[in-house]
Amino acid sequence: MTELENDIKLLVNVQDLDVQIQNLDAEIKRIPKEMDAHHRSFKAKKDELAVLESELVEIQKNGKLKEVELGSGTEAIKKYKTQQNSVKTNKEYTSLQHEIEQIQEKNSILEDEILSLMEQSDVAHENIEKKAEEIKLENGKLEQEEQENKKKVTQFEEELQKKQEERENLVSSISNTIVAKYERIRDLKNGVGIVNISDGTCGGCHMELPPQIINNTKTGNGITVCERCSRILYIKETN
């Protein structure tokens, strides 16, 4: 095996490591983003609970105001009935009776409104309990997920460091010129700088390769690249 053939063989291993490194790096970056999304979703649920609680407070506040108003009306009716016992003319009695009937009508409406608010309060309590239970379960899942993801990230980071060290060792054994060429191509071609020739086509862009290019790759007389995508070409060894 010539020095160039050996360099190409090692470069293929570097490419495999680069793919693994790229995938590990992507996972390390993906997990925190995913957790951020989960935290935003969890916060949205807590905000929904806060809104429900605020609505309940408003319902209870309105209920108390109407109960006070109802109580005032009831006291007014008692007052007017007492006054009816002491009036001297039918006109005064009728006037007081008219006031009483108006208050009674208003009180009837207030009672219906208070009943409606009590029903709304019951529904609000039920919704708050459901949402609180949902948040409790979600919080438990989130905490467990965070612990699991921390372990994953640590594991991926350790594996990434090993792969990077392995890559450095391999690169140190390859010609600087070839490594530099590979790095330039890899930066321009989505992290893939060297590809296998498969069935006469480039493993990168899948263009059919001229026979001369394939022959040059087989003979190993210099670095061969795809005329279309410029990736370095090699032929995979068969057992």
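Since every read-out is calculated from the coordinates, none of them should be taken as a lab result. Note that the structure is predicted; figures quoted are calculated from it, not measured. Cβ atoms come from the backbone with ideal geometry, glycine included; neighbour counts cover every protein chain shown.
Brief remarks follow.
- Label point at Glu55 placed 7 Å out along Cα→Cβ; residues across the stretch 118-140 whose backbone nitrogen lies under 15 Å: 118-132
- A crude spin-label estimate for the pair Asn221 and Cys205, with each label 7 Å from Cα along the Cβ direction, gives 2.4 nm.
- Here Thr154, Thr201 are placed in order of increasing Cβ neighbour count within 10 Å, fewest first, which gives Thr154, Thr201.
- Projecting label points 7 angstrom from Cα along Cα→Cβ for Arg30 and Glu75 puts them 6.9 nm apart.
- For Ile232, Ile197, the sequence from fewest to most other C-beta atoms within 10 Å is Ile197, Ile232.
- Remark: Cys229, Cys205 ranked as Cys205, Cys229, counting other beta-carbon atoms within 10 Å and listing the fewest first.
- Within the stretch 8-49, backbone nitrogen closer than 15 Å to the virtual label 7 Å beyond the Cα of Ala132 toward Cβ: 46-49
- Stretching Glu119 away from Lys91 to a fully extended chain increases their span by 5.9 nm, per 0.36 nm per residue minus the current alpha-carbon distance.
- The peptide list 33-41, 158-166, put in order of mean Cβ contacts within 10 Å with the highest first, becomes 158-166, 33-41.
- Between Lys46 and Asn149, the simple label model (points 7 Å from Cα in the Cβ direction) yields a spacing of 1.5 nm.
- Listed peptides 81-87, 122-128 appear in the order 122-128, 81-87 once ranked by packing, highest mean of other Cβ atoms within 10 Å at the front.
- Cross-link partners for Lys66 among the lysines, with Cα-Cα distance under 22 Å and sequence neighbours closer than 8 places in the same chain left out: Lys78, Lys79, Lys106.
- Cross-link partners of Lys236 among lysines (Cα-Cα below 17 Å; sequence separation of 8 or more within a chain): Lys9, Lys218
- Cβ crowding within 10 Å averaged over residues, with 131-140, 18-27, 106-115 ranked highest first: 18-27, 106-115, 131-140
- Expected-Rg normalisation [2.2 N^0.38 Å, Cα atoms] applied to the stretch 175-239: 1.05
- Cα centroid separation - the stretch 186-212 against the stretch 1-65, whole Å: 33
- Over the Cα atoms of the chain, the radius of gyration divided by the Kirkwood radius equals 1.57; this is the Rg/Rh ratio.
- Overall, the stretch 175-239 carries a charge dipole of about 140 debye about its Cα centre when +1 sits on the Cβ of Lys and Arg and -1 on the Cβ of Asp and Glu, all other atoms neutral.
- Of Leu209, Gly220, Ala180, farthest towards positive along the dipole that unit charges on Lys, Arg, Asp, Glu beta carbons give the stretch 175-239: Ala180
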